[in-house]
Amino acid sequence: MDPFIKYSSIVIPVDRSNIDTDAIIPKQFLKSVEKSGFGDNLFDAWRYLDQGEPGEDCSDRPRNEAFVLNQEPYCQGRILLARENFGCGSSREHAVWALRDFGIRTVIAGSFADIFFNNCFKNGVLPIVLPGADIDWLFNRDLSDEPVELEVDLERQALTTDDGRVYRFEIDDFKKNCLLQGLDDIALTLRHENEIQDYETRRAVEAPWLFGDLPSTDRV
Amino acid sequence: MTARTLYDKLWDDHLVRQSDDGTALIYIDRQLLHEVTSPQAFAGLREAGRQPRRRAANLAVADHNVPTTDRNAGIVDPVSRLQVQTLDSNCAEFGITEFDMADPRQGVVHVVGPEQGVTQPGMTIVCGDSHTATHGALGALAFGIGTSEVEHVLATQCLVARKMQNLRITLTGPLPEGIASKDMILAVIGLIGTSGGTGYAMEFAGSAVREASIEARMTLCNMAIEGGARAGLVGVDEATVSYMAGRPYVPSGSAFDNAAVAWREMVSDPDAAFDLEFELDVSRLRPQVTWGTSPEMVVSIDDVVPDPENAPDGNRTQDWVRALEYMGLESGTPINQIPLDKVFIGACTNGRIEDLRAAAAVANGRTVASGIKQALVVPGSGLVKRQAESEGLDEVFRNAGFEWREPGCSMCLAMNADRLDPGERCAATSNRNFEGRQGYGGRTHLVSPAMAAAAAITGCFTDPNEL
């Protein structure tokens, strides 16, 4: 995973609450067995006027010009702004892969759904929760004639607007370090191999039925 | 000792390691795998040269992409076919048990797990699927994860997690005749909103839950995620223990008795404290119908399509306007006068035998309305299908004009060939009414199995009790 490095960008304002992962990446693109190649289909049903299919060249598809992702300067943005409960619904990590493929490494929202929130960190994407009033201010400013440019500084846990406003955000230390260093979660967990082994040994005595061999390919 | 909730107990039992920064390593007893969210996880293992830590803790089943028509014809869509074949080859390569498409036990992963006894009380269960919450009905801590976490569990049998908070939803009854657990959970989501349970494990309690069957409890827990909670939970009682007995992967004899002793501990202590509580009296609950594009946009059969001016706040007004536009509905239209195009009965929410019985009871001796283009009944698993056929339910449905299909996720999310066409309106027993969920431009209304059957008969939303 690439380390998260401080960057600045225009903000893409998607002014809706409860944006679900079906909207972020529709189901037909989940048939892929790859982790990349989803960027052109990010928000597919909102971004295009026709129904997209996996593997299709999107350059000739009719675009929905009313959707921000098709408008200058927002289409250059690498930060997404939304309202409450962003990423609700399906657990599909493809939603984060689509955002990341598009180049979005930061999503700012009033709140996030739990599974999406976790998935972000596995892919170097930073989800930031801000209070409603700050979200309102950012939307107002971003949708004005002078769209806001933000600097995202994870090290300092600060968002700085182009006119010098600073928003501090919270993040747990473990997740912050993983993002900053681009750490592989699995390797970190495997450092605790002995503790996992001890747990299994103890638990197999307490609750042996949990360790019965599940597999049997016999048909009923 | 401090009184603990069921979730506290499950957490404590599975804690491998607690870090000072608040994160923990928790042990996962079971992982369920399906074809959509696992290929990249297996690819990750392969790239890193890792093997599954405990093959025996995993069970795989293809469900999202499988056809519900003649299985012998295979999967026509080459992209869907490749995804299912990829699951087959990954399971063969990594030595993981799979119920493949031809296996009579195949079905929707959340129907198969409990049915086989792969899901057991007191376990931690994960799957790359948000409706894993379903399994919490058996007193297990079950929740959906992303594909990176699927790989993490395969490799380490653990997850890095932070403890959630405790939420209790108390449903007091009795539940009126003809009202289903689907109506209860839709009403709960209407009450708390789709993010009301975010950050919480959602335990269902109260007399209406105790009186509910295990399958009905699964419907409640299934949609905990639609209320924002990753995990739904119901404490173990004698109904749970009886449900477990005799299932293929459940121990028997004295091993069962020992397990049952531990399972009975899987309840919240009487004095346990919850961080958040809601209570709902369901004794006068009416059949529920969603009108919009979020499960919280729900009303009862006697209501009208709401006015966005009555939305809780300004931002919501915009969302409601957009939802009405997408759904092609006008404020003030009586719910029971909205004409439908299709009906879908099935999914991990309502594809179990009791659901099919409830729908069949309504369909029996009646005929699907001429305006309905298609009424699908898709059993949750091959064994549910077999059971329904042994009771003659397939005949009841066929005689009424429903299509009787093979098991799978089907039109809940339309990854196979079963879908809505743009603009079509569907009464569905599934769990999500998001834009495009059942097909590009399709319009979904979530209802109970009895209501779905009643709607197929009249062509409009109808209180099944009034038929």
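Yes/no matrix, rows are residues, columns are (1) under 27 Å from residue A:89 (Cα atoms); (2) within 14 Å of chain A (Cβ to nearest Cβ); (3) in contact with a Gly (Cβ under 8 Å, 6 or more places away or on another chain):
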{"position": "B:245", "(1), (2), (3)": "no, yes, no"}
{"position": "B:320", "(1), (2), (3)": "yes, yes, yes"}
{"position": "B:328", "(1), (2), (3)": "yes, no, yes"}
{"position": "B:342", "(1), (2), (3)": "yes, no, no"}
Just checking, does the stretch B:277-286 include any residue being in a helix (DSSP H, G or I), under 30 Å from residue B:436 (Cα atoms) and away from every other protein chain (no Cβ under 14 Å)? no
Quick test for you: out of B:82, B:171, B:175, pick the one residue that is away from every other protein chain (no Cβ under 13 Å), surrounded by fewer than 23 Cβ atoms within 10 Å (Cβ to Cβ) and hydrophobic (A, V, I, L, M, F, W, C). B:175
What tally of residues in the stretch B:141-170 results from selecting those that are under 21 Å from residue A:198 (Cα atoms) and not in a strand (DSSP E or B)? 6
Any idea how many residues of the stretch A:65-116 are assigned to a loop (DSSP other than H, G, I, E, B) and closer than 21 Å to residue A:132 by Cα? 8
Would you pick out the residues in the stretch A:56-79 that are surrounded by fewer than 13 Cβ atoms within 10 Å (Cβ to Cβ) and within 19 Å of residue A:22 (Cα to Cα)? none
Restricting attention to the stretch B:192-214, and to residues there that are among the hydroxyl-bearing types (Ser, Thr, Tyr) and not in a strand (DSSP E or B), which single residue is least open to solvent (accessible area, probe 1.4 Å)? B:194
Please tell me if residue A:98 is more than 19 Å from residue A:154 (Cβ to Cβ), more than 10 Å from chain B (Cβ to nearest Cβ) and surrounded by 24 or more Cβ atoms within 10 Å (Cβ to Cβ). yes
Pairs under 8 Å by beta carbon, first residue closer than 23 Å to residue B:123 by Cβ and without any contact (Cβ under 8 Å) to a residue 60 or more places away in the chain in the stretch B:37-64, partner crowded, with 23+ Cβ neighbours inside 10 Å and among the basic types (Lys, Arg), six or more apart or different chains? B:59/B:30
Quick one: in the stretch B:53-79, which of the residues that are under 19 Å from residue B:97 (Cα atoms) and open to solvent by 10 Å² or more (accessible area, probe 1.4 Å) is nearest to the chain's Cα centre (by Cα)? B:64
With within 26 Å of the chain's Cα centre (by Cα), in contact (Cβ under 8 Å) with a residue 12 or more places away in the chain and within 14 Å of another protein chain (Cβ to nearest Cβ) as the only criterion, which of A:190, A:179 stands out? A:179
Could you list, in sequence order, all residues of the stretch A:56-94 that are closer than 17 Å to residue A:141 by Cα, within 14 Å of chain B (Cβ to nearest Cβ) and of a type in the set (A, V, I, L, M)? A:81, A:82
Within the stretch B:422-431, can you find the residues that are surrounded by fewer than 22 Cβ atoms within 10 Å (Cβ to Cβ) and closer than 16 Å to residue B:445 by Cβ? B:423, B:424, B:425
Selection from the stretch A:1-24 of residues within 11 Å of chain B (Cβ to nearest Cβ) and in a loop (DSSP other than H, G, I, E, B) yields A:1, A:15, A:16, A:17, A:18, A:19
For residues that are surrounded by 23 or more Cβ atoms within 10 Å (Cβ to Cβ) and not in a helix (DSSP H, G or I), scanning just the stretch B:385-410, find the one that is nearest to the chain's Cα centre (by Cα). B:409
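The values are calculated or read from the model by the stated rules, or taken from the named source; none is laboratory data. Not measured: the values here are computed from a predicted model. Every residue, glycine as well, gets a Cβ built from its backbone with ideal geometry; the counts of neighbours run over all protein chains shown. We work out accessible area using only protein heavy atoms, side chains counted, and drop any ligands, DNA or RNA first. Shrake-Rupley method; radii C 1.70, N 1.55, O 1.52, S 1.80 Å.
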